[in-house]
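First comes the structure, then the notes that go with it.
The values are calculated or read from the model by the stated rules, or taken from the named source; none is laboratory data. Small disclaimer: the values here were computed from a predicted structure and weren't measured. For neighbour counting, all protein chains shown are included, and Cβ atoms are generated from backbone atoms with ideal geometry for every residue, glycine included.
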Amino acid sequence: MRSTAGIQEEDKGSKTLGMFENLTDSLGGIFDKLRKRGSLRESDIETALREVRIALLEADVAVDVVKDLVAAVRAKSLVQSILKSVTPSQMVVKVVHDELINVLGNGPSDGSLSDGSSINISANPPSAILMVGLQGSGKTTTTAKLAKRLTERNRKKVLMASLDVYRPAAQQQLATLGDQIQVRCLASVLGEKPIAITKRAMQNARLEGFDVVLLDTAGRLHIDKDLMTEVADIRDIASPDETLLISDAMTGQDAVNVAREFNEKIGISGIILTRVDGDARGGAALSMRSVTGKPIKLMGVGEKMEALDEFNAERIAGSILGMGDVVGLVEKAQQVVNEEDAERMAKKMLKGQFTLDDMVKQLGQIRQMGSLEGLMGMLPGAQNVKQQMTAHNMDDTVITHQEAIIRAMTKAERRNPKILNGSRRRRIALGSGTSVQQVNRMLKQFKQVSSMMKKAGKKGNRGIAGMMPTIMPGLR
Amino acid sequence: MSEENISSWLERLRGGLSKSSKKLTDGITDLLTKRKLDSGALDELEDILIASDLGVATAGKLATSISDRRFPDGISDEAIRGALADDIAEILNSVEAPLAVDLNHAPHVLLVCGVNGSGKTTTVGKLAKQFMDSGLSVMVAAGDTFRAAAVEQLQIWGDRAGCQVISDSGGTDAAAVAYQALEKAKSAGVDLLMIDTAGRLQNRKDLMAELEKIIRVISKLDPSAPHDVVLVMDATIGQNAHAQVKTFKDSVNVSGLVMTKLDGSAKGGVIVALAERFGLPVHAVGVGEGIDDLRAFEAKVFARSLMGL
Ligand SMILES: Nc1nc2c(ncn2[C@@H]2O[C@H](COP(=O)(O)OP(=O)(O)OP(=O)(O)O)[C@@H](O)[C@H]2O)c(=O)[nH]1
Ligand SMILES: Nc1nc2c(ncn2[C@@H]2O[C@H](COP(=O)(O)OP(=O)(O)OP(=O)(O)O)[C@@H](O)[C@H]2O)c(=O)[nH]1
Ligand SMILES: [Mg+2]
Ligand SMILES: [Mg+2]
């Protein structure tokens, strides 16, 4: 099986992917071409709009939603000023971007909790929150994340209950998460039906003075009549203040159908988008928001219990247009870079005491943040940097090699690279599986970095700005 | 050439000629009586394809190829969609390939991977049942040491299928579980070992490295293992499927795909674009949450369902 697959595996290469790395680039190319032909005409806007359409479709925005969006963009494009502009592509992108933000919105601020998560909780407890969605969309995980959030940030007394009597070990999954985050989870009773569990959960909550009851339901298809009726019945019993649709950011065109059906059959109050930590463009968010009119309240950005963020329309709009996600980069960096470490490192830099040990640590962090390519993809204008990186052979293997080289050094050598003579360098090359040239290059880079850091330190740059130069010297 | 041979050869030639002359006359009548689709109809077809997640490029290509064809006046919408389904089936034919367990491997090792929640564990359970039913001895390894109650979930599937589940309670090293499982599978002499793994997003380098480590470790026991690396994908997936297949393939040399949740309203059309781009076999499709809800992938059936037929 494997051998035949091996032959077929050859990537025939598709022009769809990467072609629209970002809308600014593709529109830039188009306008350049049109210009060469003479001055821009009004009909050229249509050519640009076609490109906008493709970019949105490639980002998984639903066909019908794209039609509406393109029409809105057409209406809002001030044709004359775009035609006369020196940067027509950027103007079009701006109109599109603003329209996306407009549709995505940032959730209503009415009745929301102080932290802006916009989760409505009624004044007379217990307040039920019903979590619904397709199989595997992330309901159980998100239930626990939300429970943790409401407990810790909003000081609510939260009870979780699993109404999933279908999926193997579903109730145990929620119970285990409850232990992890130290939030009470209703004990399960063998053979008890979802409706009965709901009643028992609400009853317990009333008796024991819980503020919030989070109801995690089994995954279900929106076209499954019986199960949709079941969840509607659960809703009628619990009278939830929030019915949240949990939906995967990687979802394709079907997102509209799912959101529409869940909204029509059980009436959702909001959406939580999961797996926003992936590299999907996330057009589904736009589709669901636009078809239901319901706000996207929160987004899941990882598997860990703290990986739940407020919805950020800018971030999703940027990702849909492939324009990079600076916010995401900063957040990602925060995940791996320990605040104190960064502080200590910054101080060291200031004093010009940046050592090879620090460098290896940084390389490790960069690796943890994801591939270099992915990292660069999050920055605007990254196209150029990417090209430079390829030109300089800067990729993940370079980082791996650099790490290996430093790790092959003795402590004394790391502290004081000056003692690295020819024979030591040869030993290190051998020990790290690299060449002496690679060792030399790495040391040269280190020198550049530490002197640059000294300068940066003097200017008081910290955090990301202070971290990034390490990988940059190869690019200059 | 013997006389008999010559005459049969002549016959075939005559047959062939009449076939091509028929093509010619058909072509001419077509030209006179049939029309090409108008641009409105073509746009509509293209939209149907895009709405099924085929992607702009593949949808455009299919629509263009049908735009060159002529159809009789008043041909039904359904017939046109049928023609398109035939085109799609042709693309998919080459990737229609059931999973085959090679009994020369002792055991045949199948690694299951994919993004979070795609249906890996359920698919392992369904496959275990199918292979057990076909008379093979099967063992499964609980390689998801991360997610809450993942081991318990697989254990229940193992019980349902009636096969042994190897797990390391409390252990966090997936590669160690896989290694132990292969050792046990070898000494027990089972035919098939399936390794379930934790869901991971393909842009997480560290998690992809963990998957690579599983392979490195088991290949110490059997250099030819794993014999299959199956990527499980959810039918609701959009264009990110490209990045998924590309990255998993680069990382762990994926040998085939399984698409789950086709019982929903999502049709999984991106499979067509993936077939064109990667040519990876599609082994099976999931059509429900029950243990028997796994079907062989059939190009024609899939293509017709894509076109709503
Ligand atoms: N990377 C990432 N993984 C997530 C996120 N949210 C959930 N997951 C993972 O997705 C998988 C499925 O999550 P569950 O919470 O079990 O999904 P569910 O909707 O409860 O599934 P069913 O109950 O079977 O319908 C698990 O592996 C989770 O760890 C997220 O925001 N990011
Ligand atoms: N309707 C339907 N549901 C399915 C199918 N296959 C799996 N599921 C459901 O999808 C959900 C997730 O399935 P799992 O097998 O746990 O997915 P997984 O990939 O192992 O998830 P993680 O290990 O958390 O990454 C469960 O609720 C399954 O019952 C299918 O073919 N159709
Ligand atoms: Mg669940
Ligand atoms: Mg699993």
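What number of residues within the stretch B:71-100 satisfy the criterion of being in contact with a strand residue (DSSP E or B) (Cβ under 7 Å, 6 or more places away or on another chain) and either of a type in the set (Lys, Arg) or within 22 Å of B:Ala299 (Cβ to Cβ) (or both)? Full working, then the answer.
Initially, the stretch B:71-100 is screened for residues in contact with a strand residue (DSSP E or B) (Cβ under 7 Å, 6 or more places away or on another chain), giving B:71-73, B:80, B:95-99.
Cutting the leftovers down to either of a type in the set (Lys, Arg) or within 22 Å of B:Ala299 (Cβ to Cβ) (or both) gives us B:80, B:95-99.
Of the residues in the stretch B:71-100, 6 are in contact with a strand residue (DSSP E or B) (Cβ under 7 Å, 6 or more places away or on another chain) and either of a type in the set (Lys, Arg) or within 22 Å of B:Ala299 (Cβ to Cβ) (or both).
Could you give every pair whose Cβ atoms fall below 7 Å, whose first residue belongs to the stretch B:282-307 and is within 23 Å of B:Val229 (Cβ to Cβ), and whose second residue is surrounded by 18 or more Cβ atoms within 10 Å (Cβ to Cβ) and among the aromatic types (Phe, Trp, Tyr), counting only separations of at least 6 or pairs across chains?
Partner pairs satisfying both residue conditions: B:Val282/B:Phe297; B:His283/B:Phe297; B:Ala284/B:Phe297; B:Val285/B:Phe297.
Let me confirm something: among B:Gly119, B:Gly162, B:Gly135, which residue is over 24 Å from the mean Cα position of the chain (by Cα) and at positive phi?
It is B:Gly162.
From the residues in the stretch A:163-189 that are part of a helix (DSSP H, G or I) and of a type in the set (A, V, I, L, M), which one is nearest to ligand 3 (Cβ to nearest atom)?
Within the stretch A:163-189, the first condition is being part of a helix (DSSP H, G or I), and the residues that meet it are A:170-181.
Imposing the further condition that a residue be of a type in the set (A, V, I, L, M) reduces the set to A:170, A:174-175, A:177, A:181.
On the way: A:Ala170: 5, A:Leu174: 7, A:Ala175: 12, A:Leu177: 10, A:Ile181: 16 Å.
Among residues in the stretch A:163-189 that are part of a helix (DSSP H, G or I) and of a type in the set (A, V, I, L, M), the one nearest to ligand 3 (Cβ to nearest atom) is A:Ala170.
When you scan the stretch B:113-127, do you find a residue that is away from ligand 2 (no atom under 16 Å from the Cβ) and either out of contact with any strand residue (DSSP E or B) (no Cβ under 6 Å at 6 or more places or on another chain) or more than 14 Å from every other protein chain (Cβ to nearest Cβ) (or both), even just one? Full working, then the answer.
Start the filter on the stretch B:113-127 by keeping residues that are away from ligand 2 (no atom under 16 Å from the Cβ), which leaves none.
The answer is no, given that none of the residues of the stretch B:113-127 is away from ligand 2 (no atom under 16 Å from the Cβ) and either out of contact with any strand residue (DSSP E or B) (no Cβ under 6 Å at 6 or more places or on another chain) or more than 14 Å from every other protein chain (Cβ to nearest Cβ) (or both).
For the subset of the stretch A:293-308 comprising residues that are of a type in the set (D, E, K, R) and in a loop (DSSP other than H, G, I, E, B), which member is farthest from ligand 1 (Cβ to nearest atom)?
A:Lys294
May I ask you to verify whether A:Met250 is under 23 Å from B:Ser265 (Cβ atoms) and either within 12 Å of chain B (Cβ to nearest Cβ) or modelled with pLDDT of 95 or more (or both)?
Taking the combined requirement at face value, the residue satisfies it.
Give the residue that is nearest to the other protein chains (Cβ to nearest Cβ), with candidates limited to residues of the stretch B:197-225 that are more than 12 Å from ligand 1 (Cβ to nearest atom) and not in a helix (DSSP H, G or I).
B:Ser224
All but one of (1) more than 21 Å from B:Gly55 (Cα to Cα); (2) of a type outside the set (A, V, I, L, M, F, W, C); (3) out of contact with any Lys or Arg (no Cβ under 8 Å at 6 or more places or on another chain) hold for B:Gly264; which doesn't?
Checking B:Gly264 against (1) more than 21 Å from B:Gly55 (Cα to Cα); (2) of a type outside the set (A, V, I, L, M, F, W, C); (3) out of contact with any Lys or Arg (no Cβ under 8 Å at 6 or more places or on another chain), the one that fails is (1).
Can you tell me which of B:Ala209, B:Ala266 is within 12 Å of ligand 2 (Cβ to nearest atom) and out of contact with any Leu (no Cβ under 7 Å at 6 or more places or on another chain)?
Unique residue meeting the criteria: B:Ala266.
How many residues are outside any strand (DSSP E or B) and either closer than 23 Å to B:His242 by Cα or within 9 Å of another protein chain (Cβ to nearest Cβ) (or both) when one looks only at the stretch A:253-286?
Residues meeting the conditions: 19.
Taking A:Val165, is it within 13 Å of ligand 1 (Cβ to nearest atom), in contact with a Phe, Trp or Tyr (Cβ under 8 Å, 6 or more places away or on another chain), of a type in the set (A, V, I, L, M) and under 25 Å from B:Gly290 (Cα atoms)?
Values: within 13 Å of ligand 1 (Cβ to nearest atom): yes; in contact with a Phe, Trp or Tyr (Cβ under 8 Å, 6 or more places away or on another chain): no; of a type in the set (A, V, I, L, M): yes; under 25 Å from B:Gly290 (Cα atoms): yes.
Taking the combined requirement at face value, the residue does not satisfy it.
For the stretch B:226-307, which strands (runs of 3 or more DSSP E) that fit wholly inside it have 2 or more residues that are of a type in the set (Ser, Thr, Tyr), more than 10 Å from chain A (Cβ to nearest Cβ) and surrounded by fewer than 19 Cβ atoms within 10 Å (Cβ to Cβ)?
Fully inside the stretch B:226-307 and qualifying: nothing.
Pick from the stretch A:148-171 the residues that are closer than 20 Å to A:Ala232 by Cα and within 16 Å of ligand 4 (Cβ to nearest atom): which of them is farthest from the other protein chains (Cβ to nearest Cβ)?
Taking the stretch A:148-171 first, the residues closer than 20 Å to A:Ala232 by Cα are A:160-167.
Add one more test, that the residue is within 16 Å of ligand 4 (Cβ to nearest atom), and what stays is A:164, A:166-167.
On the way: A:Asp164: 11, A:Tyr166: 7, A:Arg167: 7 Å.
Among them, the one singled out is A:Asp164.
Based on this model, can you work out whether B:Asp144 counts as surrounded by fewer than 17 Cβ atoms within 10 Å (Cβ to Cβ), within 14 Å of another protein chain (Cβ to nearest Cβ) and at negative phi?
No: the conditions fail for B:Asp144.
I want to confirm something. Restricting to the stretch A:18-52 and keeping residues that are surrounded by 18 or more Cβ atoms within 10 Å (Cβ to Cβ) and either in contact with a strand residue (DSSP E or B) (Cβ under 6 Å, 6 or more places away or on another chain) or within 14 Å of another protein chain (Cβ to nearest Cβ) (or both), which single residue is modelled with the lowest pLDDT?
If we take residues in the stretch A:18-52 being surrounded by 18 or more Cβ atoms within 10 Å (Cβ to Cβ) and either in contact with a strand residue (DSSP E or B) (Cβ under 6 Å, 6 or more places away or on another chain) or within 14 Å of another protein chain (Cβ to nearest Cβ) (or both), then A:Phe20 is modelled with the lowest pLDDT.
Answer with yes or no whether B:Ala266 is away from ligand 4 (no atom under 16 Å from the Cβ) and in contact (Cβ under 8 Å) with a residue 60 or more places away in the chain.
Answer is yes for this residue.
One residue is enough: does the stretch B:200-208 have a residue meeting the conditions touching a strand residue (DSSP E or B) at 6+ places or on another chain (Cβ under 9 Å) and modelled with pLDDT of 95 or more?
Of the stretch B:200-208, the ones touching a strand residue (DSSP E or B) at 6+ places or on another chain (Cβ under 9 Å) are B:200.
With the extra rule that they be modelled with pLDDT of 95 or more, the set shrinks to B:200.
Looking through the stretch B:200-208, at least one residue is touching a strand residue (DSSP E or B) at 6+ places or on another chain (Cβ under 9 Å) and modelled with pLDDT of 95 or more.
Of everything in the stretch B:119-151 that's closer than 30 Å to B:Asn104 by Cβ and in a loop (DSSP other than H, G, I, E, B), which residue is farthest from ligand 4 (Cβ to nearest atom)?
This residue is B:Gly135.
Scan the stretch B:152-177 residue by residue and report those that are surrounded by fewer than 18 Cβ atoms within 10 Å (Cβ to Cβ), assigned to a helix (DSSP H, G or I) and more than 10 Å from every other protein chain (Cβ to nearest Cβ).
B:Ala176 - this is the single residue of the stretch B:152-177 that is surrounded by fewer than 18 Cβ atoms within 10 Å (Cβ to Cβ), assigned to a helix (DSSP H, G or I) and more than 10 Å from every other protein chain (Cβ to nearest Cβ).
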